[in-house]
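Read through the structure below, which is laid out as structure tokens, and then see the notes.
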Amino acid sequence: MKKTIKVNINRNKCLGCGMCISLCPEVFEFKSGKSSLKVKASLEKYQSCIKESAQNCPVQAIKII
């Protein structure tokens, strides 16, 4: 059984630098100048790049739950 993950982006913290989008374009996109999750993104399939994005976010706006 796959472990289901959830991703939370704190849009108040997000600088809109695009780091997460460059590391994991399958999951993240810009909406109104801030990072957002793509609606149909497969979080389980892209866990490794999501984790990398969270680790490299300069303001730690991405949390994996």
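The values are calculated or read from the model by the stated rules, or taken from the named source; none is laboratory data. All values reported here derive from a predicted model rather than from experimental measurement. Here the Cβ is made from the backbone with ideal geometry for all residues, glycine too, and neighbour counts use every protein chain on show. Just the protein is used for accessible areas: all its heavy atoms, side chains included, with ligands, DNA and RNA removed. Shrake-Rupley method; radii C 1.70, N 1.55, O 1.52, S 1.80 Å.
Using Cα-Cα distances under 8 Å and only pairs 6 or more residues apart, what relative contact order does the chain have, in percent?
44 percent
Please work out which option in [x] 0.98; [y] 1.02; [z] 0.93 gives Rg/Rh (Cα atoms, Kirkwood Rh) calculated from these coordinates, and answer with its label.
Computed from the coordinates, Rg/Rh (Cα atoms, Kirkwood Rh) corresponds to [z].
Among 7, 56, 33, whose Cα sits farthest toward the positive end of the charge dipole of the chain (+1 at Cβ of Lys/Arg, -1 at Cβ of Asp/Glu, about the Cα centre)?
Result: 7.
Ignoring ligands, DNA and RNA, what percent of the accessible area of the chain is carbon or sulfur (1.4 Å)?
Result for the chain: 52 percent of the exposed heavy-atom area is carbon or sulfur.
With every protein chain left in place, what is the accessible area of residue 37 in Å² (1.4 Å probe, nearest 10)?
Using a 1.4 Å probe on the heavy atoms, I get roughly 50 Å².
Which of the cysteines in the chain are isolated, no other cysteine C-beta under 4.7 Å?
When partners are defined as cysteine Cβ atoms under 4.7 Å apart, the chain leaves 14, 17, 20, 57 without one.
Please give the helix 47-56 orientation as an angle from the longest Cα principal axis of the chain, in degrees from 0 to 90, rounded to the nearest 10.
30 degrees
Around residue 41, which amide H atoms from residues at least 5 apart in sequence, or from another chain, sit under 5 Å from its own amide H, with H modelled in the peptide plane?
none
Find the accessible area per residue for the chain; the probe is 1.4 Å, ligands and nucleic acids are left out, and the unit is Å².
About 67 Å² of surface per residue is accessible.
Using the crude model of +1 on Lys and Arg Cβ and -1 on Asp and Glu Cβ, and no other charge, please compute the dipole size for the chain relative to its Cα centre, in debye to 20.
260 debye
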